[in-house]
Amino acid sequence: MSETPIDSGKRTWLIASGCAGAVGGVAAAVPFVSTFQPSEKAKAAGAAVEVDISSLKPGEKITVEWRGKPVWIVKRTPEQLAELPKLDGQLADPASKRNPAELTPEYARNEWRSIKPEVLVAVGICSHLGCSPSDKFVAGPQPSLPDDWKGGFLCPCHGSTFDMAGRVFKNKPAPDNLEVPPHMYLSETKLLIGEDKKA
């Protein structure tokens, strides 16, 4: 059997149309594949956040956003710090031993749940249903709080209470303490939320 020769004009046409089809396919695929890349907004939402705490006074709190979550930075007073060890018997997880890898980095597994005793860094989301607790820093009797209240946070949705270290009190709907996000100090007054490894 003899093979039929393909004339050079037809061969050129086949190669050209094949190349054009390949280029068209790549051109159509590039925008489609690029949709799988995270947007700039998404990248920024997951990025670490630098916070200047130089103007934060004892008893004050600031809130920053990290990964779409409110992160509280609270400068505790000496009186608030002194009360923390006295509350251990009333707390569900005073030493932050439940879910430590998820909720409390190793450097914050102490009485204060922080790197520096006076500065609490915590995600302001209740571990029950994701509500945001309110500040109740003033000690003493108040609505929805015990008469011997020493200061902390109250989740208004279902009444969970947390001390000034974000530790949940016993017999409350919230199953866990407030989360301590990864963080580190860049200087005495600059915090980096979202990263805790020095490069």
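The values are calculated or read from the model by the stated rules, or taken from the named source; none is laboratory data. On a predicted model such as this, the values are computed, not experimentally measured, just so you know. Don't worry about glycine lacking a Cβ; one is built from the backbone with ideal geometry, like all the others, and counts go over all protein chains shown.
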Under the condition of being farther than 25 Å from residue 130 by Cβ and in contact with a Ser or Thr (Cβ under 7 Å, 6 or more places away or on another chain), which residue from the stretch 50-109 is surrounded by the most Cβ atoms within 10 Å (Cβ to Cβ)? 53
Can you name every one of the helices (runs of 4 or more DSSP H) wholly within the stretch 1-111 that holds 2 or more residues which are closer than 30 Å to residue 146 by Cβ and either modelled with pLDDT of 90 or more or more than 25 Å from the chain's Cα centre (by Cα) (or both)? 78-83
Flag if residue 164 is assigned to a loop (DSSP other than H, G, I, E, B) and in contact (Cβ under 8 Å) with a residue 60 or more places away in the chain: yes
Does residue 178 meet the test of being outside any loop (DSSP other than H, G, I, E, B) and within 17 Å of the chain's Cα centre (by Cα)? no
What do you reckon, is residue 144 in contact with a Pro (Cβ under 8 Å, 6 or more places away or on another chain), surrounded by fewer than 17 Cβ atoms within 10 Å (Cβ to Cβ) and at positive phi? yes
Scanning for something of a type in the set (D, E, K, R), at pLDDT 90 or above, assigned to a loop (DSSP other than H, G, I, E, B) and crowded, with 18+ Cβ neighbours inside 10 Å, does the stretch 113-120 turn up at least one residue? yes
